[in-house]
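See below for the structure under consideration.
We did not get these values from a lab; they are worked out from the coordinates using the rules stated. The model shown is predicted, which means the values in this text are computed figures rather than measured ones. All Cβ positions, even for glycine, are placed from backbone atoms using ideal geometry, and neighbour counts span all protein chains on display.
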Amino acid sequence: MDTRTQEFLEYVQSGGQVETGDWMPDEYRSKLVKFIEMHGNSELMGVLPERDWILRAPTLQRKLALTAKIQDEVGHAQLIYRVVEDLGKPRTACLDDLVSGKAKFHNVFHYPTRTWGDVGVIAWLVDAAAIVSQKALLKCSYAPYARIMKKICWEESFHILHGRDVILAMVTGTQEQFELVQEALDRWWEPLMHFHGNPIPADEDPMFVWRIKSQGNEEARQQFLDGYVPQIRELGLEIPDPALRKDEETARWLFTEPDWEKLRAVVTGNGPASAERLAFRRLSREDVAWVERVVLAEAA
Amino acid sequence: MIYEVFRQERKGQPFQHAGSLTAPNERFAEIYAREQYGRRQESVALWLVPREAVSEIDDFPDEFDLKYRRVDGYSIKTRLREARERAGTLASDESA
C-alpha cells in the first residue's frame, strides 16, 4: 500500500470524514460505490413486495400507510443514487446493472409475499434489521452518505411502527389472523438471519476496514436479536429456531448456523422471486422511458 | 443540472446541507425538492442552489500563527495572581 493510501486509511480509521471532492484511493471509491449502489438497489427493489399489497390491503388506512412507505423507499433510492453519481457512476448505469442482474440487492427482497402476515413481518422485522445497519451507517467515513442516512433513519422509524401495528392488529384478532403472522414469521426467519451477512470478522471485512460500515456483520445481527427477539416472544409468537437463546455469560445470542451458501445463491439472483422481480423492473423501466424522454426534451 | 439542497429545521435555525438532486431546470428542481426533501413537512424552508453557483474555500493559511487574535493566545493566570496578591484579594485557597 502506498504512503498516501496508508495515510488515508489511518485517517478514516481514526474517525476522519471524507467529502466528494477529496482525494480517495481507488479501492475506497470502488468499495463505496458498490456498497452504496447496493443500498439504492435494495430501496428500489424493496418497493415491489409491498406494492403488490396496496390493492389488497385490508383497510383504507393500511393502503395509505403502505403507499406512504413505498413513496419513502423510492425517495430514499433517489437520494442514494444521487450520492453514487457524485462518486462517478451515473444512475442509468446503476439501473442497467440492476436489471441485468450484475448488481446486487438485499436478500430479503428476493422472496415472495404470500399473505398480509408477510406485509406486517416485513415492515416490522425486515425494516428493523435494516435500521440496525442504517444507524451504524450514520458514522460512515463518507460524509455525503452519512448525511442522507439521517433522513433515511428518521423515515424508517415510521415504517417499523406501521409494521408493528399491523402485527399487533393481527395477533389480537382471530386465531386465524394470529396463525397468519406465525406462519409468515416461520418463512421469514431464515432471510432475517441472513440479512446482516455472513459472520466475517470485522477486521477482515473491507467495508469495515475503510469505515464504510462502522460495525461488523455479526455485531449488527446480535443487536437485532437483542432488540427484537423479546418483542417477538412477548406476543406469544414462536421463533422457528429451537437453538436460539442468549448465553448469559458471554451476553451473545446463540442460534442454528444459517446456511451461508444459500444466502450467496439468493443474492446472486437465485432467490424464489428474483427473476420475477427483476423482470418487472426491466419492464417498468421500458414502459416509463418515454417520460424521461419527454421531460428532458421539454426542459431543453 | 445538480442542485444542492439546504434545509431549515425551524425558524431561526441555520440552513444545513441536506443533499442534492438532479433536475433539468428550476421548475423541476422545485418539484423534486418538495418530493425528495419535503415529503413530511420536516423543514420550514428549503434553499435550492445550482451546484455551479456554490464556490468553496477550504484553505485558511495561518503561517504566522497569529495567536494573539484568539483566546488561546492569552494566558492571564500568572498576572492575575500577582494582581490579587498586590490588592490583597487573593482567595484563601489561592495563597498557598
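Details
- Computed over segment A:1-128, relative contact order equals 30 percent, with contacts defined as Cα pairs under 8 Å that lie 6+ residues apart.
- Residue order, fewest to most surrounding Cβ atoms within 10 angstrom, among A:His110, A:His196: A:His196, A:His110
- Under conditions of 10 °C and 1.306 mPa s, chain A yields 78 µm² s⁻¹ as its translational diffusion coefficient, taking Rh as the Kirkwood radius over Cα pairs in the Stokes-Einstein equation.
- Tensor-based shape of segment B:2-53 (alpha-carbon gyration tensor, a/c under 1.5 rounded, otherwise prolate or oblate): oblate
- Ordered by the number of other Cβ atoms lying within 10 Å of each residue's own Cβ, fewest first, A:Val288, A:Val209, A:Val108 fall into the sequence A:Val288, A:Val209, A:Val108.
- Pairs exceeding 27 Å between alpha-carbon atoms, taken from A:Lys213/A:Lys246; A:Lys139/B:Lys67; A:Lys31/A:Lys151: A:Lys139/B:Lys67.
- Kyte-Doolittle at least 1.0, axis length at least 27 Å by Cα - qualifying DSSP helices, chain A: none
- Across A:Ala273, A:Ala128, A:Ala251, mean-square fluctuation computed from a Gaussian network of chain A (C-alpha pairs under 10 Å connected) peaks at A:Ala251.
- Sparse-neighbourhood loop sites, GluC sites (Glu not before Pro) in segment B:18-71 - DSSP loop, at most 10 other Cβ within 10 angstrom: B:Glu56, B:Glu63
- The protein assembly as shown - share of DSSP beta bridges that are antiparallel (%, nearest 5): 95 percent
- Only Cα pairs under 8 Å and 6+ residues apart enter the sum, and on that basis the relative contact order of segment B:2-53 stands at 49 percent.
- By the beta-carbon count within 10 Å of each Cβ, the least crowded to most crowded order of A:Phe280, A:Phe35, A:Phe105, fewest first, is A:Phe280, A:Phe35, A:Phe105.
- Length-normalised contact order of chain A in % [C-alpha pairs under 8 Å, at least 6 apart]: 21 percent
- A Gaussian network model of chain A, with springs between Cα atoms under 10 Å, assigns the largest mean-square fluctuation among A:Phe255, A:Phe195, A:Phe224 to A:Phe255.
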